[in-house]
Amino acid sequence: MLSGVGVSPGRAAGPVVVVAQPAGEPPAGPPPADPAAEAQRIGPAAQRVAADLNARAKAASGEAKQLLETTAMMAADPSLVTQAEQLVTSKQLPAARAVYEAAASFADALRAAGGYMAERVRDIEDVRDRVVADLLGIAAPGVPELSEPSVLVAQDLAPADTAGLDPAKVLALVTEEGGPTSHTAILARALGIPAVVAVRGVLAAKPAQLIVDGATGSVEIPSSPITPFAAEIAAADNWNGVGTTSDGLRVKVLANVGAPKDAKAAVEAGAEGVGLFRTEFSYLDATDEPTVEEQHAAYAAVLAPFHGKPIIVRTLDAGADKPLAFLAPDPEPNPALGVRGIRVSRERVDVLDRQLAAIVGAAQETGADVSVMAPMVATVEEAAWFADRAHAAGIKRAGVMIEVPAAALVADEIFSVVEFVSIGTNDLAQYTLAADRQLGAVATLNDPWQPALLRLIGMIGQAAIRAGKPAGVCGEAAADPNLAGVLVGLGISSLSMNASAIRQVGAALAKHTEDYFRQVARAALVSHTPADARATVHAMLS
């Protein structure tokens, strides 16, 4: 029996197919006889890779389509090609080696930036491996053609490979690396494929068959041959679109969005509103600060589908975590602990005030019920400062994100100065367990089922109940139907997630009473390990 982090629920078993890994680091020599001609091979190779990814995108939809298109854009990025060409001519490197080194410098820069930018490292490495394979004339790494329904096992899956999976042929996914917020996890949930990540030793074990439980995180090597199966995940078609427990406790089921296409998908999935509108996603490539009018138009495009419904807009979560060029961020040795979120807003109050003006205008134009919240708040004083600024701009409801343990510890005082809080479980887990959420080696620490994290959330939930104000969760934890019940039992009153999880979570909440979810939450809190918590809750809710 092996174990990892269950990231997509469901049980399945079947024959194992190991995903081919990249060819590895290409040699640095011998030097090309004609460096100019060698350099000219790189552009066409990158274009062939981009064309292949775009062709696969046309056959996909939703998040998979978006991810394939984004990866194709990275493959066609002229800056990567140009840098690789320069390495061929200046250092006399073979084309494949030059691409490898150029991609490494891009990946290092993204990794140093941390947060959202660090999440793009796997995309860069995937593009690198595909272009290198093309230049070497070998097969691209990735998922082979499956002759029968199988369990895929890999060191890690490239985002583009995950996006192209066929749920009819892939019974389950098991990877040695990855974490609960990785692309593999998010897309596996979207496709309804059971998945367990961070399963150390699964490749060395060389299993012929596996039994996978994506809810509990267990991966079993059967002692004798078994008949393949894929257990159906409970259907969510009977959810009535209103988030409640079986005895009527109201729990809003909301969506996380960052662009108009996300808003459209959320409405189609039945979201009751938006619990997290990531405004900075519209401006990651902007070299100049968008004008108030430009921001107004961008926000209105996202708010429009939610006329009369609640929308929580997060002010710019910028800084070293998501560096925006127009803010001219300084280099930092530890970006995750640097000037980001509300810390940027306090340094650049003018930028915040213009954003708030644009949000107010977009809300008035669309008729959406808009609230705002600030990210990365650590103190009561920061929370009060932001609330005063938002109220002065004409926004009635101002809140903060609790992503830092310090804020959880003073939740009662924070509730006294804001109208609501929203818990970002991805960052709160990262800071509570001192585990980089992008690092597979510590993925088991950065697990939303960690008892320490659940106890912090429980503290916030109790503070919300005492204050008579709402506390929501907008991290990936909200997308887990079993964990959603635990969160409700801890006092959470709204859950916000990717559109693909909305109906499943809504249906799961309707199965049990508020009191039973409290019992389930108590059982999770006294568990000693994430695996124990996950297994106990799974048994109680099944």
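The requirement of being assigned to a loop (DSSP other than H, G, I, E, B), within 27 Å of Ser182 (Cβ to Cβ) and open to solvent by 40 Å² or more (accessible area, probe 1.4 Å) is fulfilled nowhere in the stretch 42-57; no residue meets it.
Identify the residue in the stretch 67-88 that is open to solvent by 70 Å² or more (accessible area, probe 1.4 Å) and of a type outside the set (A, V, I, L, M) and, among all such residues, is modelled with the highest pLDDT. Top of the filtered list is Gln86. Would you mind stating whether Thr175 is β-branched (Val, Ile, Thr) and under 30 Å from His512 (Cα atoms)? No, not satisfied. Of all the numbered requirements in (1) in contact with a strand residue (DSSP E or B) (Cβ under 7 Å, 6 or more places away or on another chain); (2) part of a helix (DSSP H, G or I), Ala463 misses one, and that requirement is (1). Pairs linking a residue in the stretch 354-370 that is not assigned by the TED database to the domain that holds Glu272 to a residue that is open to solvent by 50 Å² or more (accessible area, probe 1.4 Å) and in a strand (DSSP E or B), with Cβ atoms under 6 Å and 6 or more positions apart or on different chains, do not occur. Of the residues making up the stretch 187-203, just one is surrounded by 24 or more Cβ atoms within 10 Å (Cβ to Cβ) and either acidic (Asp, Glu) or at pLDDT below 80 (or both), namely Leu187. The set of residues in the stretch 494-521 being under 27 Å from Leu187 (Cα atoms), of a type outside the set (A, V, I, L, M, F, W, C) and open to solvent by 40 Å² or more (accessible area, probe 1.4 Å) consists of Ser500, Arg503, Gln504, Lys511. Of everything in the stretch 442-455, what is over 17 Å from the mean Cα position of the chain (by Cα) and free of Cβ contacts under 8 Å to residues at least 24 places away in the same chain? Give them in sequence order. Of everything in the stretch 442-455, just one residue is over 17 Å from the mean Cα position of the chain (by Cα) and free of Cβ contacts under 8 Å to residues at least 24 places away in the same chain, namely Ala452. Among the residues of the stretch 17-40, those that are among the aliphatic types (A, V, I, L, M) and open to solvent by 30 Å² or more (accessible area, probe 1.4 Å) comprise Val17, Val18, Ala20, Ala23, Ala28, Ala33, Ala36, Ala37. Kindly evaluate Pro94 against the criterion of being of a type outside the set (Asp, Glu), touching a Lys or Arg at 6+ places or on another chain (Cβ under 6 Å), surrounded by 18 or more Cβ atoms within 10 Å (Cβ to Cβ) and more than 30 Å from Asn482 (Cα to Cα). Here the answer is no, as Pro94 does not meet what is asked.
Selection of strands (runs of 3 or more DSSP E) fully inside the stretch 154-269 by the criterion of at least 2 residues being among the β-branched types (Val, Ile, Thr) and in contact with a helix residue (DSSP H, G or I) (Cβ under 7 Å, 6 or more places away or on another chain) returns 170-175, 252-257.
Restricting Gly472, Gly491 to those that are outside any helix (DSSP H, G or I), touching a residue at least 12 places away in the same chain (Cβ under 8 Å), on the phi > 0 side of the Ramachandran plot and in contact with a Gly (Cβ under 8 Å, 6 or more places away or on another chain) reduces the list to Gly491.
Of the set (1) open to solvent by less than 50 Å² (accessible area, probe 1.4 Å); (2) in a helix (DSSP H, G or I); (3) at pLDDT below 95, all apply to Ala441 but (1). Based on this model, can you work out whether Gly29 counts as part of a loop (DSSP other than H, G, I, E, B), on the phi > 0 side of the Ramachandran plot and not assigned by the TED database to the domain that holds Val170? In short, no.
Per-residue answers, yes or no, for (1) touching a Cys at 6+ places or on another chain (Cβ under 7 Å); (2) closer than 28 Å to Ala479 by Cα; (3) open to solvent by 40 Å² or more (accessible area, probe 1.4 Å); (4) not in a strand (DSSP E or B):
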{"site": "Glu272", "(1), (2), (3), (4)": "no, yes, no, yes"}
{"site": "Arg346", "(1), (2), (3), (4)": "no, no, yes, yes"}
{"site": "Asp350", "(1), (2), (3), (4)": "no, no, yes, yes"}
{"site": "Val372", "(1), (2), (3), (4)": "no, yes, no, no"}
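Which ones in the stretch 241-259 are surrounded by fewer than 17 Cβ atoms within 10 Å (Cβ to Cβ) and either modelled with pLDDT under 90 or among the aliphatic types (A, V, I, L, M) (or both)? Result: Val242, Leu249, Ala259.
Identify, from the list Ala139, Ala160, Ala195, Ala204, the residue that is under 20 Å from Ala441 (Cα atoms) and in contact with a strand residue (DSSP E or B) (Cβ under 9 Å, 6 or more places away or on another chain). Before you say what the answer is, go through the steps one by one.
Values: Ala139 fails: under 20 Å from Ala441 (Cα atoms); Ala160 fails: under 20 Å from Ala441 (Cα atoms); Ala204 fails: in contact with a strand residue (DSSP E or B) (Cβ under 9 Å, 6 or more places away or on another chain).
Of Ala139, Ala160, Ala195, Ala204, the one residue that is under 20 Å from Ala441 (Cα atoms) and in contact with a strand residue (DSSP E or B) (Cβ under 9 Å, 6 or more places away or on another chain) is Ala195.
Restricting the first residue to the stretch 526-542 and requiring it to be charged (D, E, K, R), which pairs with a second residue that is open to solvent by less than 50 Å² (accessible area, probe 1.4 Å) meet a Cβ separation below 8 Å and a spacing of at least six or different chains? Matching pairs, first to second residue: Arg534/Gly6; Arg534/Ala215; Arg534/Thr216; Arg534/Gly217; Arg534/Trp449; Arg534/Asn482.
The values are calculated or read from the model by the stated rules, or taken from the named source; none is laboratory data. Values in this document were obtained by computation on a predicted structure and should not be read as measured data. Note that we place each Cβ from the backbone using ideal geometry, even for glycine, and neighbour counts take in every protein chain shown. These area figures cover heavy atoms from the full protein model, side chains too; ligands, DNA and RNA do not enter into them. Shrake-Rupley method; radii C 1.70, N 1.55, O 1.52, S 1.80 Å.
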